[in-house]
Each structure stands twice: as structure tokens, then as C-alpha cells.
Amino acid sequence: MTDFEYQQIDDLIHSRIRLAVMAALTSMGPASFSLIKKTVGATDGNLSVHLRKLEEGGYLSVEKSFVNRKPVSIYNLTPTGQSAFKTYIQYLENMLPS
Amino acid sequence: MSNQENSQAKEQLAFIKSIMQDSQKVVADNGYGFILWGILILIAAVCSYILDQSQLNQYQGWLYLLIVGLGWLYMVVIHRRTKKYSIGNPLTKTIIDSIWTAVLISMTLLGFLGGATGAIDLNHMTAVMYTVLGTAYFLQGVITGKTWVRNLAFGWWGGSVMLFLITGPLALALMIVMMVGLQIVPGIIFNRQWKAALTED
């Protein structure tokens, strides 16, 4: 991959777990931490770190509340995140021979 | 573009596709609707039997109007409020919600109009209702990829066959067993799965 092409890749998404999170949320819509963890197959600590990175990058929003006195965190893709994921997919598709 | 880059892109796209496909069937309902309708129908069945035994059949219509009205009140008021906590693919959720709404409307029409006009024999009303109910379970099971939910439909349909053939206390007992085993218990399972999917350990 050339330097130019490498710079086009969105580093925030270009990690296995973060990519899986973005794909899962695109498909599922808003989802809880537990559900993302189950779908992505990551540990609590690892997933928290990746979710925070996506949140800090403005790709995710999180709504925290309580259900039956238990903490619930619902994550959702922001419009920026949706657009970034779409761009990332387009970039990958462009890499394939037509 | 090198072959290695092509295969990396392909592999990434395949990974994204698999995650999205797996996530598509994820739906977790809080199960409250299943439990509530199950309990309401149980109450209706028992009250209906008591009214029948007491020769007070003229109140049967009012009884079911009250029970079904309470069920619909739940659907319209409470179910809508708790919707934000339902989990899963928006399209899948819409399809399942639509199936249940359509089935509940059909059952309400069959129950009230079918019963009032005499088009459906009241002794076999439950059999007709359970046949329709089985359809909803079957579709929900297939759409969400949950075989056990799909298989509940066979329980509903099998029970319906029996309910077409028998009447009286035996039919009432079967109806109660089916309502508990195929509606309330699955509702409790849905609720547990929903809580597990929603809350953090």
C-alpha cells in the first residue's frame, strides 16, 4: 500500500474491534454494551477502550440510564460515524478490481 | 493495487458482512406483552368458565371486552413507552411488531365479530385463536433465527387440533396449560434474555 493510500484509511475504524462495533451498530441500530460485547466477542476492558475511542472521535454517542437498578449504556452511531463507515466501505470496495 | 491489498480489502469486507448478517437477527423483546396477554387470557378463560357454569353467559361478551381492552391499553400506552429499550435491527423489530399487531387485530376481529355474528362457534373460538397465534410465533422464530420460538408454533397448532376436537373442562385445562407453557413461560424467557442483553454484568 502506498503512503498516499494508507493516509486515506480511517485509522479510527481500521481496527478489528472498532470495525466490528461500527458494522454491528450499523446493522442493529442502538445497542447496549452487553450486546455489543456479545456480537463483537471482546472483553469488557478491551471493548470499553475501543468504544471510548469511537466516542471521542465523534463516531458514537452513548446514553446511560438504569433499568431495574442496573446500569444500561446504549451506544448509537452518530451521523459522522455513519458517514465515516460508509466512506470506509467505499474505500475498500474501490480497492477491489472492477 | 497489489494482490495482497486486494485480498486484504476482500477479507475486511467479508468480515464486515458477517458481523452485519449476525447482527441483523438480533432482537430482544422485554417479554412483558407476552406475559401480560397470557395472564389476561388465563383470567378470561377461568372467568368465562365460571360464567358458563353459573348460567351467566350474557356477560361473556363484556368479560372479553374488558380483558381485550386492557391488553390493547397495554399495547398502546406502556409498550410504546418501553420501546426505546427494545433491542435489535430496526427493520427486524418493525417486521416483528407488525406481525404481532396484525395478529392481534385479526384475533380481536375474529373473537368479537366471529363470536357475535355466530360465524365462529364459541366452543371452538380458542382453537381458532390459537391457530392464528401459532402463525405469529412461527414467523417470529424464523425471522429472529430462534428455532425454539419457531417450534412453539407447532405446540400452538397441535393444541389447536385438540381444541377443535374436545370441549368442556378438558378443553379449558388444555387451554390453560398451553397459555402458560407456550405464552407466559416464553415471555419470562424473553424477559430474561432482554435483561441480559441490556444490562451490564
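What follows draws every value from the coordinates through simple rules; no lab data is involved. In this text the structure is predicted, and so the values were computed from the model without any measurement. We place every Cβ from the backbone using ideal geometry, glycine too, and count neighbours over all the protein chains shown.
At-a-glance table
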| quantity | calculated |
| --- | --- |
| Reachable lysines from B:Lys25, criterion Cα separation under 22 angstrom, eight or more residues apart if same chain | A:Lys37, A:Lys38, A:Lys86, B:Lys17, B:Lys83, B:Lys84, B:Lys93, B:Lys146, B:Lys195 |
| Centroid-to-centroid separation of the range B:71-136 and the range A:45-80 [C-alpha atoms, Å] | 35 Å |
| Most positive-pole-ward Cα, B:Tyr59, B:Thr147, B:Met179, against dipole of the protein assembly as shown from beta carbon charges | B:Tyr59 |
| Size of charge dipole - the range A:10-87 - debye, nearest 20, with Cβ of Lys, Arg +1 and Asp, Glu -1, no other charges | 300 debye |
| Exposure proxy ranking, count of Cβ atoms within 10 Å, fewest first, for A:Leu25, B:Leu51, A:Leu96 | A:Leu96, B:Leu51, A:Leu25 |
| For the protein assembly as shown, size of Cβ-based charge dipole, Lys and Arg +1, Asp and Glu -1, in debye | 520 debye |
| For the protein assembly as shown, alpha-carbon Rg relative to the globular expectation (2.2 N^0.38 Å, N residues) | 1.28 |
| Gain on full stretching of the segment that runs from A:Leu96 to A:Glu56 - 0.36 nm per residue minus C-alpha separation | 11.3 nm |
| Sorted by Cβ density within 10 Å, fewest first, the residues B:Glu11, A:Glu55 | B:Glu11, A:Glu55 |
| Electrostatic dipole magnitude of the range A:43-89 [Cβ: Lys, Arg +1; Asp, Glu -1; Cα centre; debye, to 20] | 120 debye |
| Rounded if a/c under 1.5, otherwise prolate or oblate - the range A:5-85, Cα gyration tensor axes | prolate |
| Net charge of neighbours whose Cβ lies under 11 Å from the Cβ of A:Val40, counting Lys and Arg as +1 and Asp and Glu as -1 | +3 |
| 18 Å cut-off, amide nitrogen to a point 7 angstrom out along A:Gln82 Cα→Cβ, residues in the range B:1-37 | B:20, B:24 |
| Anisotropy class of the range B:88-176 from Cα gyration tensor, a/c 1.5 cut | oblate |
| Overall Cα dimensions of the range B:30-186 - principal axes, largest extent first, Å | 50, 31, 26 |
| Among A:Leu19, B:Ile188, A:Leu51 the positive-end extreme of the charge dipole of the protein assembly as shown (Cβ point charges) | B:Ile188 |
